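Let me begin by presenting the structure, written as C-alpha coordinates, before commenting on it.
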Amino acid sequence: MVAVAILAAGRGTRMKSDLPKVLHQLGSRSLVERVLGSTTAIAPSRRLVIVGYQADSVREALADYPDEIEFVDQTEQLGTGHAIQQLIPSLENFDDDLIVLNGDLPLLRPETLSLLLETHRAKGNPATLLAAHVPDPTGYGRVFCDENQILTEIVEDRDCTPEQRLNDRMNAGAYCFRWKDLVQVLPKLNSNNEQKEYYITDAINFFDAVTVVDVPDYQEVLGINDRAQLADAYAILQKRIRDRWMREGVTIIDPNSVTIDDTVELEANVTIEPQTHLRGKTTIRTGSRIGPGSLIEDSQIGENVTVLFSVVAGSVIHDNAQIGPYSHLRAPVEIGQGCRVGNFVELKNTKLGEKTNAAHLSYLGNATIGNRVNIGAGTITVNYDGVKKYPTTIGDRTKIGSNNCLVAPITIGEDVTTAAGSTITEDLPNDCLAIARARQVVKPGWKRKDQ
(Lines give C-alpha, C1' and ligand atoms only; values in the text may rest on other atoms or scores of the structure.)
Protein backbone atom coordinates (compact mmCIF):
# COMPACT_ATOMS: atom_id res chain seq x y z
CA MET A 1 0.00 0.00 0.00
CA VAL A 2 0.98 3.63 -0.44
CA ALA A 3 -0.62 6.80 0.83
CA VAL A 4 -0.37 10.23 -0.78
CA ALA A 5 -0.32 13.54 1.06
CA ILE A 6 -0.74 16.78 -0.89
CA LEU A 7 0.39 20.10 0.57
CA ALA A 8 -2.50 22.46 -0.18
CA ALA A 9 -2.64 24.77 2.83
CA GLY A 10 -0.89 27.86 1.49
CA ARG A 11 -2.44 31.00 0.09
CA GLY A 12 0.05 31.59 -2.70
CA THR A 13 0.55 35.33 -2.16
CA ARG A 14 2.35 35.85 -5.46
CA MET A 15 -0.83 34.85 -7.30
CA LYS A 16 -2.29 38.10 -5.88
CA SER A 17 -5.68 36.50 -5.36
CA ASP A 18 -8.02 35.63 -2.51
CA LEU A 19 -8.44 32.22 -4.14
CA PRO A 20 -6.11 29.57 -2.68
CA LYS A 21 -3.30 28.87 -5.10
CA VAL A 22 -4.20 25.19 -5.49
CA LEU A 23 -7.69 26.14 -6.73
CA HIS A 24 -6.48 28.21 -9.66
CA GLN A 25 -7.48 26.57 -12.92
CA LEU A 26 -5.05 25.04 -15.36
CA GLY A 27 -7.21 24.17 -18.34
CA SER A 28 -10.23 22.15 -17.28
CA ARG A 29 -9.03 21.33 -13.75
CA SER A 30 -7.59 23.07 -10.71
CA LEU A 31 -3.95 22.65 -9.72
CA VAL A 32 -4.80 20.35 -6.83
CA GLU A 33 -7.06 18.20 -9.03
CA ARG A 34 -4.18 17.78 -11.46
CA VAL A 35 -1.81 16.75 -8.68
CA LEU A 36 -4.38 14.22 -7.49
CA GLY A 37 -4.72 13.00 -11.07
CA SER A 38 -0.98 12.32 -11.27
CA THR A 39 -1.38 9.66 -8.57
CA THR A 40 -3.64 7.38 -10.62
CA ALA A 41 -0.89 4.99 -11.72
CA ILE A 42 0.22 4.20 -8.16
CA ALA A 43 -3.40 3.64 -6.97
CA PRO A 44 -2.92 5.01 -3.44
CA SER A 45 -4.90 3.40 -0.65
CA ARG A 46 -5.36 6.82 0.97
CA ARG A 47 -5.36 10.36 -0.35
CA LEU A 48 -4.78 13.07 2.24
CA VAL A 49 -5.03 16.76 1.36
CA ILE A 50 -3.56 19.14 3.92
CA VAL A 51 -5.62 22.33 3.97
CA GLY A 52 -5.26 25.66 5.73
CA TYR A 53 -5.98 28.92 3.94
CA GLN A 54 -9.67 28.91 2.95
CA ALA A 55 -9.84 25.23 3.89
CA ASP A 56 -13.60 25.09 3.34
CA SER A 57 -13.19 26.32 -0.24
CA VAL A 58 -10.72 23.54 -0.98
CA ARG A 59 -13.02 20.95 0.59
CA GLU A 60 -15.96 22.21 -1.44
CA ALA A 61 -13.96 22.23 -4.67
CA LEU A 62 -13.02 18.57 -4.17
CA ALA A 63 -16.42 17.43 -2.89
CA ASP A 64 -17.22 15.64 -6.15
CA TYR A 65 -13.77 14.17 -6.72
CA PRO A 66 -14.32 10.55 -7.81
CA ASP A 67 -11.96 9.03 -5.22
CA GLU A 68 -12.19 9.35 -1.44
CA ILE A 69 -10.18 12.22 0.02
CA GLU A 70 -9.24 12.77 3.66
CA PHE A 71 -8.71 16.39 4.68
CA VAL A 72 -6.16 17.30 7.33
CA ASP A 73 -6.15 20.79 8.86
CA GLN A 74 -3.01 22.90 9.18
CA THR A 75 -4.47 25.80 11.14
CA GLU A 76 -1.21 27.74 11.16
CA GLN A 77 0.93 27.60 8.05
CA LEU A 78 4.39 27.08 9.57
CA GLY A 79 6.10 25.33 6.69
CA THR A 80 6.09 22.03 4.84
CA GLY A 81 7.51 20.07 7.76
CA HIS A 82 4.82 21.44 10.04
CA ALA A 83 2.20 20.39 7.48
CA ILE A 84 3.45 16.79 7.52
CA GLN A 85 3.44 16.83 11.33
CA GLN A 86 -0.33 17.30 11.13
CA LEU A 87 -0.59 13.84 9.55
CA ILE A 88 0.59 12.00 12.66
CA PRO A 89 -2.90 11.43 14.18
CA SER A 90 -4.40 10.43 10.82
CA LEU A 91 -1.64 7.90 10.09
CA GLU A 92 -1.38 6.49 13.61
CA ASN A 93 -1.84 2.90 12.48
CA PHE A 94 -0.29 3.29 9.03
CA ASP A 95 2.79 1.18 8.29
CA ASP A 96 3.75 1.67 4.68
CA ASP A 97 5.08 4.27 2.25
CA LEU A 98 3.94 7.89 2.07
CA ILE A 99 4.35 10.08 -1.01
CA VAL A 100 4.37 13.80 -0.27
CA LEU A 101 3.60 16.22 -3.12
CA ASN A 102 3.52 19.98 -3.32
CA GLY A 103 0.05 21.11 -4.38
CA ASP A 104 1.46 23.23 -7.21
CA LEU A 105 2.98 20.43 -9.34
CA PRO A 106 0.19 20.06 -11.93
CA LEU A 107 2.39 18.80 -14.77
CA LEU A 108 3.72 15.73 -12.98
CA ARG A 109 3.08 12.59 -15.01
CA PRO A 110 1.66 9.43 -13.40
CA GLU A 111 4.56 7.37 -14.75
CA THR A 112 7.02 9.65 -12.97
CA LEU A 113 5.38 8.96 -9.62
CA SER A 114 5.46 5.25 -10.45
CA LEU A 115 9.22 5.56 -11.05
CA LEU A 116 9.66 7.37 -7.73
CA LEU A 117 7.79 4.67 -5.81
CA GLU A 118 9.48 1.77 -7.62
CA THR A 119 12.94 3.23 -7.00
CA HIS A 120 12.14 3.88 -3.35
CA ARG A 121 11.07 0.28 -2.79
CA ALA A 122 13.91 -1.19 -4.82
CA LYS A 123 16.55 0.72 -2.86
CA GLY A 124 14.95 0.10 0.52
CA ASN A 125 15.91 3.54 1.80
CA PRO A 126 13.87 5.49 4.36
CA ALA A 127 13.37 8.33 1.87
CA THR A 128 13.58 9.04 -1.85
CA LEU A 129 13.17 12.41 -3.52
CA LEU A 130 12.49 13.70 -7.00
CA ALA A 131 14.88 16.17 -8.63
CA ALA A 132 15.39 17.67 -12.06
CA HIS A 133 18.08 19.46 -14.03
CA VAL A 134 16.60 22.78 -15.14
CA PRO A 135 17.97 25.51 -17.43
CA ASP A 136 17.41 28.19 -14.80
CA PRO A 137 17.23 26.90 -11.20
CA THR A 138 17.07 30.39 -9.68
CA GLY A 139 14.74 30.41 -6.69
CA TYR A 140 14.75 26.64 -6.23
CA GLY A 141 16.52 24.58 -3.59
CA ARG A 142 19.59 22.78 -4.98
CA VAL A 143 20.06 19.02 -4.63
CA PHE A 144 23.52 17.54 -4.31
CA CYS A 145 24.25 13.82 -4.54
CA ASP A 146 27.13 11.43 -5.16
CA GLU A 147 27.82 9.24 -8.18
CA ASN A 148 25.37 6.64 -6.85
CA GLN A 149 22.48 9.13 -6.72
CA ILE A 150 22.65 9.21 -2.91
CA LEU A 151 21.77 12.61 -1.48
CA THR A 152 24.53 14.56 0.20
CA GLU A 153 22.64 17.79 0.94
CA ILE A 154 19.82 20.12 -0.04
CA VAL A 155 20.58 23.83 0.05
CA GLU A 156 17.92 26.54 -0.30
CA ASP A 157 18.60 29.02 -3.08
CA ARG A 158 19.10 31.96 -0.73
CA ASP A 159 21.67 29.96 1.28
CA CYS A 160 23.75 28.80 -1.71
CA THR A 161 27.32 29.90 -2.23
CA PRO A 162 28.23 31.19 -5.73
CA GLU A 163 29.71 27.75 -6.51
CA GLN A 164 26.60 25.92 -5.30
CA ARG A 165 24.40 28.09 -7.49
CA LEU A 166 26.15 26.61 -10.52
CA ASN A 167 24.40 23.32 -9.73
CA ASP A 168 21.29 23.10 -11.91
CA ARG A 169 19.69 20.13 -10.10
CA MET A 170 16.60 21.42 -8.27
CA ASN A 171 14.42 19.90 -5.58
CA ALA A 172 11.13 18.99 -7.26
CA GLY A 173 8.93 19.00 -4.15
CA ALA A 174 7.97 15.33 -4.43
CA TYR A 175 9.12 12.78 -1.85
CA CYS A 176 8.56 9.16 -0.87
CA PHE A 177 9.06 8.17 2.77
CA ARG A 178 8.84 5.02 4.77
CA TRP A 179 6.27 6.36 7.23
CA LYS A 180 7.54 4.45 10.27
CA ASP A 181 10.92 6.17 9.80
CA LEU A 182 9.52 9.60 9.02
CA VAL A 183 7.20 9.68 12.03
CA GLN A 184 10.23 9.19 14.30
CA VAL A 185 12.00 12.32 13.05
CA LEU A 186 9.06 14.70 12.60
CA PRO A 187 9.05 15.76 16.28
CA LYS A 188 12.75 16.64 15.97
CA LEU A 189 12.24 19.36 13.36
CA ASN A 190 12.98 22.92 14.42
CA SER A 191 12.37 26.38 13.01
CA ASN A 192 15.88 27.78 13.42
CA ASN A 193 15.91 29.48 10.05
CA GLU A 194 15.23 32.85 8.46
CA GLN A 195 11.56 32.05 7.82
CA LYS A 196 10.97 30.53 11.28
CA GLU A 197 9.31 27.55 9.61
CA TYR A 198 9.59 23.77 9.76
CA TYR A 199 10.77 22.22 6.47
CA ILE A 200 10.20 18.73 5.13
CA THR A 201 13.73 18.87 3.68
CA ASP A 202 15.09 19.06 7.25
CA ALA A 203 13.51 15.68 7.96
CA ILE A 204 15.56 14.19 5.14
CA ASN A 205 18.77 15.30 6.86
CA PHE A 206 18.08 12.79 9.64
CA PHE A 207 18.39 9.84 7.24
CA ASP A 208 21.72 8.28 6.27
CA ALA A 209 20.71 7.06 2.81
CA VAL A 210 18.31 9.01 0.59
CA THR A 211 18.08 8.21 -3.13
CA VAL A 212 17.64 10.99 -5.70
CA VAL A 213 15.52 10.23 -8.78
CA ASP A 214 16.06 12.62 -11.68
CA VAL A 215 13.01 13.40 -13.83
CA PRO A 216 13.80 13.04 -17.56
CA ASP A 217 11.63 16.05 -18.46
CA TYR A 218 12.22 18.93 -16.07
CA GLN A 219 8.99 20.64 -17.20
CA GLU A 220 7.02 18.08 -15.17
CA VAL A 221 8.21 19.58 -11.90
CA LEU A 222 7.96 23.28 -12.62
CA GLY A 223 6.00 24.83 -9.77
CA ILE A 224 3.32 27.52 -10.02
CA ASN A 225 3.92 30.62 -7.95
CA ASP A 226 2.43 33.44 -10.05
CA ARG A 227 0.19 34.05 -13.07
CA ALA A 228 3.12 34.07 -15.50
CA GLN A 229 4.16 30.58 -14.39
CA LEU A 230 0.53 29.49 -14.62
CA ALA A 231 0.48 30.62 -18.25
CA ASP A 232 3.79 28.84 -18.92
CA ALA A 233 2.36 25.63 -17.46
CA TYR A 234 -0.74 25.95 -19.65
CA ALA A 235 1.45 26.24 -22.75
CA ILE A 236 3.32 23.07 -21.74
CA LEU A 237 0.07 21.23 -21.04
CA GLN A 238 -1.42 22.27 -24.37
CA LYS A 239 1.61 21.10 -26.32
CA ARG A 240 1.36 17.71 -24.64
CA ILE A 241 -2.32 17.42 -25.49
CA ARG A 242 -1.97 18.55 -29.12
CA ASP A 243 1.04 16.30 -29.73
CA ARG A 244 -0.87 13.33 -28.31
CA TRP A 245 -3.85 13.84 -30.61
CA MET A 246 -1.73 14.43 -33.70
CA ARG A 247 0.06 11.13 -33.00
CA GLU A 248 -3.41 9.53 -32.73
CA GLY A 249 -4.32 10.68 -36.25
CA VAL A 250 -5.98 14.07 -35.65
CA THR A 251 -5.03 16.89 -38.02
CA ILE A 252 -4.41 20.21 -36.29
CA ILE A 253 -3.72 22.82 -38.95
CA ASP A 254 -2.07 25.46 -36.74
CA PRO A 255 -1.32 23.89 -33.34
CA ASN A 256 -0.18 27.08 -31.64
CA SER A 257 -3.56 28.75 -32.22
CA VAL A 258 -5.62 25.80 -30.90
CA THR A 259 -6.41 24.86 -27.29
CA ILE A 260 -7.85 21.51 -26.19
CA ASP A 261 -8.85 20.45 -22.68
CA ASP A 262 -7.50 17.08 -21.63
CA THR A 263 -11.08 15.98 -20.95
CA VAL A 264 -11.82 16.16 -24.71
CA GLU A 265 -11.93 12.94 -26.77
CA LEU A 266 -11.15 12.95 -30.49
CA GLU A 267 -11.23 10.20 -33.10
CA ALA A 268 -8.75 9.75 -35.92
CA ASN A 269 -9.30 11.81 -39.06
CA VAL A 270 -10.83 14.74 -37.22
CA THR A 271 -9.52 18.07 -38.51
CA ILE A 272 -9.11 21.06 -36.18
CA GLU A 273 -8.78 24.38 -37.98
CA PRO A 274 -6.91 27.43 -36.58
CA GLN A 275 -8.29 29.52 -33.71
CA THR A 276 -10.47 26.69 -32.43
CA HIS A 277 -10.95 25.83 -28.75
CA LEU A 278 -12.32 22.54 -27.39
CA ARG A 279 -13.52 22.52 -23.79
CA GLY A 280 -14.97 20.24 -21.12
CA LYS A 281 -16.46 16.82 -21.84
CA THR A 282 -16.48 17.11 -25.60
CA THR A 283 -16.31 14.19 -28.04
CA ILE A 284 -15.70 14.60 -31.78
CA ARG A 285 -16.00 11.63 -34.12
CA THR A 286 -14.13 10.77 -37.28
CA GLY A 287 -14.34 12.89 -40.40
CA SER A 288 -15.56 16.02 -38.65
CA ARG A 289 -13.98 19.39 -39.34
CA ILE A 290 -14.09 21.99 -36.60
CA GLY A 291 -13.27 25.64 -37.22
CA PRO A 292 -11.66 27.88 -38.02
CA GLY A 293 -12.64 30.21 -35.20
CA SER A 294 -14.95 27.90 -33.24
CA LEU A 295 -15.57 27.12 -29.56
CA ILE A 296 -16.98 23.70 -28.62
CA GLU A 297 -17.81 23.00 -24.98
CA ASP A 298 -19.36 19.93 -23.31
CA SER A 299 -20.75 18.69 -26.63
CA GLN A 300 -20.91 15.48 -28.65
CA ILE A 301 -20.12 15.90 -32.33
CA GLY A 302 -20.92 13.03 -34.72
CA GLU A 303 -19.15 11.89 -37.89
CA ASN A 304 -18.55 14.18 -40.88
CA VAL A 305 -19.87 17.28 -39.13
CA THR A 306 -18.60 20.75 -40.00
CA VAL A 307 -18.60 23.61 -37.51
CA LEU A 308 -17.45 26.92 -38.98
CA PHE A 309 -16.89 30.14 -36.98
CA SER A 310 -19.45 29.08 -34.36
CA VAL A 311 -20.02 28.57 -30.63
CA VAL A 312 -21.47 25.22 -29.52
CA ALA A 313 -22.17 24.48 -25.84
CA GLY A 314 -23.94 21.54 -24.23
CA SER A 315 -25.13 20.20 -27.57
CA VAL A 316 -25.42 16.91 -29.45
CA ILE A 317 -24.81 17.17 -33.19
CA HIS A 318 -25.46 14.04 -35.22
CA ASP A 319 -23.67 12.87 -38.35
CA ASN A 320 -23.32 14.96 -41.51
CA ALA A 321 -24.68 18.17 -40.01
CA GLN A 322 -23.39 21.61 -40.99
CA ILE A 323 -23.09 24.36 -38.40
CA GLY A 324 -22.21 27.98 -39.20
CA PRO A 325 -20.77 30.28 -40.02
CA TYR A 326 -21.64 32.38 -36.96
CA SER A 327 -24.13 30.02 -35.33
CA HIS A 328 -24.66 29.84 -31.56
CA LEU A 329 -25.96 26.64 -29.96
CA ARG A 330 -26.80 27.03 -26.27
CA ALA A 331 -27.44 24.02 -24.05
CA PRO A 332 -29.37 21.86 -24.36
CA VAL A 333 -29.52 21.49 -28.15
CA GLU A 334 -29.79 18.41 -30.35
CA ILE A 335 -29.19 18.60 -34.09
CA GLY A 336 -30.36 15.66 -36.22
CA GLN A 337 -28.47 13.96 -39.04
CA GLY A 338 -27.93 16.01 -42.17
CA CYS A 339 -29.21 19.28 -40.69
CA ARG A 340 -27.95 22.70 -41.61
CA VAL A 341 -27.78 25.52 -39.06
CA GLY A 342 -26.42 28.54 -40.83
CA ASN A 343 -25.50 32.19 -40.73
CA PHE A 344 -26.38 34.02 -37.50
CA VAL A 345 -28.77 31.35 -36.21
CA GLU A 346 -29.14 30.91 -32.45
CA LEU A 347 -30.63 27.82 -30.84
CA LYS A 348 -31.46 27.42 -27.16
CA ASN A 349 -33.08 24.36 -25.59
CA THR A 350 -34.10 23.16 -29.03
CA LYS A 351 -34.19 19.88 -30.95
CA LEU A 352 -34.03 19.66 -34.75
CA GLY A 353 -35.08 16.48 -36.55
CA GLU A 354 -33.18 14.94 -39.45
CA LYS A 355 -32.43 17.03 -42.56
CA THR A 356 -34.01 20.15 -41.11
CA ASN A 357 -32.58 23.51 -42.16
CA ALA A 358 -32.38 26.82 -40.36
CA ALA A 359 -30.02 28.56 -42.70
CA HIS A 360 -30.25 32.29 -41.96
CA LEU A 361 -30.79 34.87 -39.22
CA SER A 362 -33.13 33.04 -36.84
CA TYR A 363 -33.71 32.44 -33.14
CA LEU A 364 -35.20 29.10 -32.10
CA GLY A 365 -35.74 28.65 -28.37
CA ASN A 366 -37.64 25.98 -26.41
CA ALA A 367 -38.55 24.37 -29.71
CA THR A 368 -39.06 20.80 -30.91
CA ILE A 369 -38.84 20.70 -34.69
CA GLY A 370 -39.46 17.64 -36.85
CA ASN A 371 -37.72 16.10 -39.86
CA ARG A 372 -37.18 17.90 -43.18
CA VAL A 373 -38.48 21.22 -41.87
CA ASN A 374 -37.28 24.45 -43.46
CA ILE A 375 -37.04 27.52 -41.26
CA GLY A 376 -37.10 30.70 -43.33
CA ALA A 377 -34.72 33.59 -42.77
CA GLY A 378 -35.64 35.90 -39.90
CA THR A 379 -37.82 33.40 -38.03
CA ILE A 380 -38.21 33.90 -34.29
CA THR A 381 -39.86 31.69 -31.71
CA VAL A 382 -41.44 34.21 -29.35
CA ASN A 383 -41.01 32.03 -26.29
CA TYR A 384 -40.61 34.41 -23.35
CA ASP A 385 -43.24 36.67 -21.78
CA GLY A 386 -40.91 38.18 -19.22
CA VAL A 387 -41.73 35.56 -16.59
CA LYS A 388 -41.92 32.12 -18.22
CA LYS A 389 -40.64 30.43 -21.35
CA TYR A 390 -43.07 28.49 -23.52
CA PRO A 391 -42.60 25.69 -26.08
CA THR A 392 -42.96 25.66 -29.84
CA THR A 393 -43.57 22.38 -31.70
CA ILE A 394 -43.28 22.09 -35.49
CA GLY A 395 -44.18 18.89 -37.38
CA ASP A 396 -42.34 17.11 -40.19
CA ARG A 397 -41.91 18.66 -43.66
CA THR A 398 -43.30 22.04 -42.61
CA LYS A 399 -42.01 25.21 -44.26
CA ILE A 400 -41.86 28.32 -42.12
CA GLY A 401 -41.80 31.46 -44.25
CA SER A 402 -39.21 34.21 -43.93
CA ASN A 403 -39.65 36.83 -41.21
CA ASN A 404 -42.12 34.77 -39.18
CA CYS A 405 -42.86 35.20 -35.49
CA LEU A 406 -44.15 32.03 -33.83
CA VAL A 407 -45.78 33.12 -30.56
CA ALA A 408 -45.47 30.33 -28.02
CA PRO A 409 -46.98 28.20 -26.68
CA ILE A 410 -47.85 26.97 -30.14
CA THR A 411 -48.06 23.72 -32.09
CA ILE A 412 -47.69 23.69 -35.87
CA GLY A 413 -48.62 20.45 -37.63
CA GLU A 414 -46.98 18.46 -40.42
CA ASP A 415 -46.79 19.62 -44.06
CA VAL A 416 -47.73 23.19 -43.12
CA THR A 417 -46.63 26.29 -45.01
CA THR A 418 -46.65 29.71 -43.38
CA ALA A 419 -46.51 32.83 -45.49
CA ALA A 420 -43.60 35.26 -45.32
CA GLY A 421 -44.05 38.02 -42.75
CA SER A 422 -46.61 36.10 -40.68
CA THR A 423 -47.10 36.30 -36.93
CA ILE A 424 -48.54 32.92 -35.96
CA THR A 425 -50.46 33.00 -32.66
CA GLU A 426 -52.74 29.97 -32.95
CA ASP A 427 -52.07 26.25 -33.40
CA LEU A 428 -52.06 25.05 -37.02
CA PRO A 429 -53.41 21.66 -38.22
CA ASN A 430 -51.60 19.38 -40.66
CA ASP A 431 -51.45 20.23 -44.37
CA CYS A 432 -52.48 23.86 -44.41
CA LEU A 433 -51.32 27.29 -45.57
CA ALA A 434 -51.32 29.98 -42.88
CA ILE A 435 -51.23 33.68 -43.71
CA ALA A 436 -51.10 35.96 -40.69
CA ARG A 437 -50.03 39.44 -41.71
CA ALA A 438 -51.58 42.84 -42.15
CA ARG A 439 -53.09 43.51 -45.54
CA GLN A 440 -51.00 45.82 -47.68
CA VAL A 441 -52.55 49.25 -48.16
CA VAL A 442 -51.29 51.67 -50.82
CA LYS A 443 -52.32 55.32 -50.74
CA PRO A 444 -51.25 57.22 -53.88
CA GLY A 445 -50.49 60.93 -53.89
CA TRP A 446 -48.93 60.85 -50.46
CA LYS A 447 -46.41 63.63 -51.12
CA ARG A 448 -47.37 66.87 -49.35
CA LYS A 449 -48.67 69.49 -51.79
CA ASP A 450 -46.66 72.32 -50.25
CA GLN A 451 -43.34 70.62 -50.91
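Across region 78-95, the number of residues qualifying as among the hydroxyl-bearing types (Ser, Thr, Tyr) and either outside any helix (DSSP H, G or I) or without any contact (Cβ under 8 Å) to a residue 60 or more places away in the chain (or both) comes to 1. Restricting attention to region 28-41, the residues that are crowded, with 19+ Cβ neighbours inside 10 Å and either farther than 15 Å from ALA61 by Cα or in contact with a His (Cβ under 8 Å, 6 or more places away or on another chain) (or both) total 4. Residue-level check: of (1) part of a loop (DSSP other than H, G, I, E, B); (2) buried (at least 23 other Cβ atoms within 10 Å of the Cβ); (3) not small (Gly, Ala, Ser), LEU98 misses just (1).
For region 298-312, which positions are among the polar types (S, T, N, Q) and part of a loop (DSSP other than H, G, I, E, B)?
SER299, ASN304, SER310
All conditions in (1) open to solvent by 30 Å² or more (accessible area, probe 1.4 Å); (2) more than 20 Å from the chain's Cα centre (by Cα) hold for ASP226, with the sole exception of (2).
You will find that of THR417, THR411, the residue that is touching an Asp or Glu at 6+ places or on another chain (Cβ under 8 Å) and hydroxyl-bearing (Ser, Thr, Tyr) is THR411 and no other. Could you say whether any residue in region 149-162 is part of a helix (DSSP H, G or I) and open to solvent by 60 Å² or more (accessible area, probe 1.4 Å)? Yes, that holds for at least one residue.
Of all residues in region 1-27 being without any contact (Cβ under 8 Å) to a residue 40 or more places away in the chain and not acidic (Asp, Glu), which is surrounded by the fewest Cβ atoms within 10 Å (Cβ to Cβ)? Going through the qualifying residues, I end up with THR13. Taking LEU130 as the residue in question, decide whether it is closer than 25 Å to ASP226 by Cβ and not basic (Lys, Arg). When the stated conditions are applied, LEU130 passes them. Anything in region 1-37 that is of a type in the set (Val, Ile, Thr), part of a helix (DSSP H, G or I) and within 21 Å of the chain's Cα centre (by Cα)? List them, or say none. Selection gives VAL22, VAL32, VAL35.
Taking region 101-141 as the range and being hydroxyl-bearing (Ser, Thr, Tyr) and part of a strand (DSSP E or B) as the test, only THR128 passes.
Within region 272-285, if we keep just the residues that are open to solvent by less than 20 Å² (accessible area, probe 1.4 Å) and without any contact (Cβ under 8 Å) to a residue 60 or more places away in the chain, the residue that is nearest to ALA233 (Cα to Cα) turns out to be LEU278.
Scoring ALA235 on the criteria (1) crowded, with 16+ Cβ neighbours inside 10 Å; (2) of a type in the set (Gly, Ala, Ser); (3) in a helix (DSSP H, G or I) leaves a single failure, condition (1).
The residue of region 183-201 that is surrounded by the fewest Cβ atoms within 10 Å (Cβ to Cβ), among those that are over 36 Å from the mean Cα position of the chain (by Cα) and part of a helix (DSSP H, G or I), is PRO187.
Residue count for region 333-373 satisfying the condition of being among the aliphatic types (A, V, I, L, M), surrounded by 20 or more Cβ atoms within 10 Å (Cβ to Cβ) and assigned to a strand (DSSP E or B): 9. Of the set (1) more than 20 Å from the chain's Cα centre (by Cα); (2) open to solvent by 30 Å² or more (accessible area, probe 1.4 Å), all apply to SER288 but (2). Annotation note: Cβ proximity below 7 Å between a residue of region 195-215 that is touching a residue at least 60 places away in the same chain (Cβ under 8 Å) and farther than 15 Å from PHE144 by Cβ and a residue that is open to solvent by less than 40 Å² (accessible area, probe 1.4 Å) and hydroxyl-bearing (Ser, Thr, Tyr) (sequence gap 6+ or interchain) occurs for GLU197/SER191; TYR198/SER191; ILE200/TYR175; VAL215/THR112.
When we screen ASP385, ASP431 for residues that are of a type outside the set (Val, Ile, Thr), modelled with pLDDT of 95 or more and either within 21 Å of HIS360 (Cα to Cα) or open to solvent by 80 Å² or more (accessible area, probe 1.4 Å) (or both), the only hit is ASP431.
Annotation: ARG330 fulfils all but one of (1) farther than 19 Å from ILE301 by Cα; (2) open to solvent by 50 Å² or more (accessible area, probe 1.4 Å); (3) in a strand (DSSP E or B); the unmet one is (1). When region 54-77 is filtered for residues that are open to solvent by less than 50 Å² (accessible area, probe 1.4 Å) and either part of a loop (DSSP other than H, G, I, E, B) or hydrophobic (A, V, I, L, M, F, W, C) (or both), the ones remaining, listed by number, are ALA55, VAL58, LEU62, TYR65, ILE69, VAL72, GLN74.
Residue count for region 241-265 under the criterion of being open to solvent by 40 Å² or more (accessible area, probe 1.4 Å) and more than 19 Å from the chain's Cα centre (by Cα): the result is 6. Within region 163-180, the set of residues being assigned to a helix (DSSP H, G or I) and either at pLDDT below 95 or open to solvent by 40 Å² or more (accessible area, probe 1.4 Å) (or both) comprises GLN164, ARG165, LEU166, LYS180. Pairs are defined by a Cβ separation below 6 Å, a sequence spacing of at least 6 or placement on different chains, a first member in region 145-158 that is over 25 Å from GLN195 (Cα atoms), and a second member that is buried (at least 17 other Cβ atoms within 10 Å of the Cβ) and of a type in the set (A, V, I, L, M, F, W, C); the pairs so defined are CYS145/LEU151; CYS145/VAL212; GLN149/VAL212.
The values are calculated or read from the model by the stated rules, or taken from the named source; none is laboratory data. As the structure is a prediction and not an experimental result, all values here were calculated from the model. Reconstructed Cβ throughout: ideal geometry from the backbone, glycine too, with neighbour counts over all protein chains shown. Protein only, heavy atoms only, side chains kept; ligands, DNA and RNA dropped before computing areas. Shrake-Rupley method; radii C 1.70, N 1.55, O 1.52, S 1.80 Å.
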